[in-house]
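First comes the structure, then the notes that go with it.
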Amino acid sequence: MSTPESVRVEPDDPSELVETTVEELAPLYRQMLAIRRLEEASAKAYSQGKIGGFLHLIIGQEAVCVGAIAALTPDDYVVATYREHGHAYAKGVPARPILAELYGKKTGLVKGLGGSMHLFDKEKNFLGGYGIVGGHVPIAAGAAFAAKYRGDGRVALCFFGEGASTIGGFAEGLALAALWKLPVVLICENNQYSMGTPTYRSLAVEDVSLRALAHGMARDRFDGDDVIKVKRRVAEAIERARTTGEPTLIEVVTYRFRGHSMSDPGLYRTKEEVEEWRRRDPLNRSRARLVELGMSEDDLTALEDDVKAEIEDAVKFADESPAADEYFPYVIKE
């Protein structure tokens, strides 16, 4: 079988800069910074016992969800994994209900009953975080099928980790998307580790995007350090899905700076490895680019102070909100 013409997997050049402007990059930098501060606030609250259960942070990977979702329209769908706080925020969900949900408060996105792994916002077309690894990929295919059936032009964006690419649900979703030509873009956020297992020990072929070739599906693979690059490349796949109904499998190579969850100290990684990736921090890269493009330090400081105030307000809101109902709030009680 020949490779689809739309396939493009280019070598990454860290010095390569994608053309942009302050007007385009500044809002994306703000989103990434707000997500970073939201995650840091969540980690602090977890250590204080204010957040229970599991907590999976996206620190280091912010450019992937922000860049990809920036290429969507508000009507498009997003389906994500349990590491989805940043995806919800990038889809337009405010920090207040996100953090309140993590706290288990009644003012949370799902009344405090879903917690960190199960954010959901119908109004924003954020169709959830899912705790079952790989199990949400067919759900994204289903949302894309509904869009195709209705003919409404919507696209579904589905995020998952490289570990999910070995799960049956992923294979099923991929097969259905290709067979029925569904308007879905499948994005593998390859953060190098499936929980604590490195890719070389979990994948026989480390290039996840190659899975697309078995289905005659378009693919792409690139690094996720530059939020503008992510936006541009994902936008191509979204346009393909919207105009032709054809799906795309994208692998974005990224890195999480912390362990798999708050209970994981990440001791399986060397300090040198983590520091090497920290030098590629997408936030630092975007901030430096904004300076190069002419944004003043005063304007950057004002932006960063605004983010600080927003997250402090969300923490206060979550702290002061009432606890979730003991029972499901929509059950009629005698």
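Annotation: ASP225 fulfils all but one of (1) touching a helix residue (DSSP H, G or I) at 6+ places or on another chain (Cβ under 8 Å); (2) farther than 20 Å from HIS136 by Cβ; (3) in a helix (DSSP H, G or I); the unmet one is (3). Residue count for segment 39-53 under the criterion of being surrounded by fewer than 16 Cβ atoms within 10 Å (Cβ to Cβ) and over 26 Å from TYR29 (Cα atoms): the result is 5. Can LEU102 be described as out of contact with any strand residue (DSSP E or B) (no Cβ under 9 Å at 6 or more places or on another chain), among the hydrophobic types (A, V, I, L, M, F, W, C) and surrounded by 22 or more Cβ atoms within 10 Å (Cβ to Cβ)? Against the criterion (out of contact with any strand residue (DSSP E or B) (no Cβ under 9 Å at 6 or more places or on another chain), among the hydrophobic types (A, V, I, L, M, F, W, C) and surrounded by 22 or more Cβ atoms within 10 Å (Cβ to Cβ)), LEU102 qualifies. Looking only at residues of segment 41-79 that are among the β-branched types (Val, Ile, Thr) and either out of contact with any His (no Cβ under 8 Å at 6 or more places or on another chain) or outside any strand (DSSP E or B) (or both), we find that the one that is farthest from TYR103 (Cα to Cα) is THR73.
Among the residues of segment 238-288, count how many are of a type in the set (Asp, Glu), within 22 Å of PHE222 (Cα to Cα) and free of Cβ contacts under 8 Å to residues at least 40 places away in the same chain. Counting residues in segment 238-288 that are of a type in the set (Asp, Glu), within 22 Å of PHE222 (Cα to Cα) and free of Cβ contacts under 8 Å to residues at least 40 places away in the same chain gives 4.
Pairs meeting the criteria (first residue in segment 160-173 and closer than 9 Å to GLY134 by Cα, second residue surrounded by 19 or more Cβ atoms within 10 Å (Cβ to Cβ) and of a type in the set (S, T, N, Q), beta carbons under 6 Å, at least 6 apart or on different chains) are PHE160/THR81; GLY163/SER194.
If you go through segment 179-217 and keep only what is closer than 26 Å to PRO282 by Cα, of a type in the set (Gly, Ala, Ser) and buried (at least 17 other Cβ atoms within 10 Å of the Cβ), you end up with SER194, SER209.
Looking across segment 218-273 at every residue that is among the basic types (Lys, Arg) and touching a strand residue (DSSP E or B) at 6+ places or on another chain (Cβ under 9 Å), the one that is surrounded by the most Cβ atoms within 10 Å (Cβ to Cβ) is identified as ARG219. Considering only segment 281-301, I want to know if a residue exists there that is in a loop (DSSP other than H, G, I, E, B), of a type in the set (A, V, I, L, M) and surrounded by fewer than 17 Cβ atoms within 10 Å (Cβ to Cβ). Among the residues of segment 281-301, at least one is in a loop (DSSP other than H, G, I, E, B), of a type in the set (A, V, I, L, M) and surrounded by fewer than 17 Cβ atoms within 10 Å (Cβ to Cβ), which makes the answer yes.
Values quoted throughout were computed directly from the atomic coordinates according to the rules given, and no laboratory measurement underlies them. Computed from a prediction, not measured in an experiment: that's the story for all the values here. Neighbour counts are summed over all protein chains in view; Cβ atoms, including those assigned to glycine, are modelled from backbone coordinates with ideal geometry.
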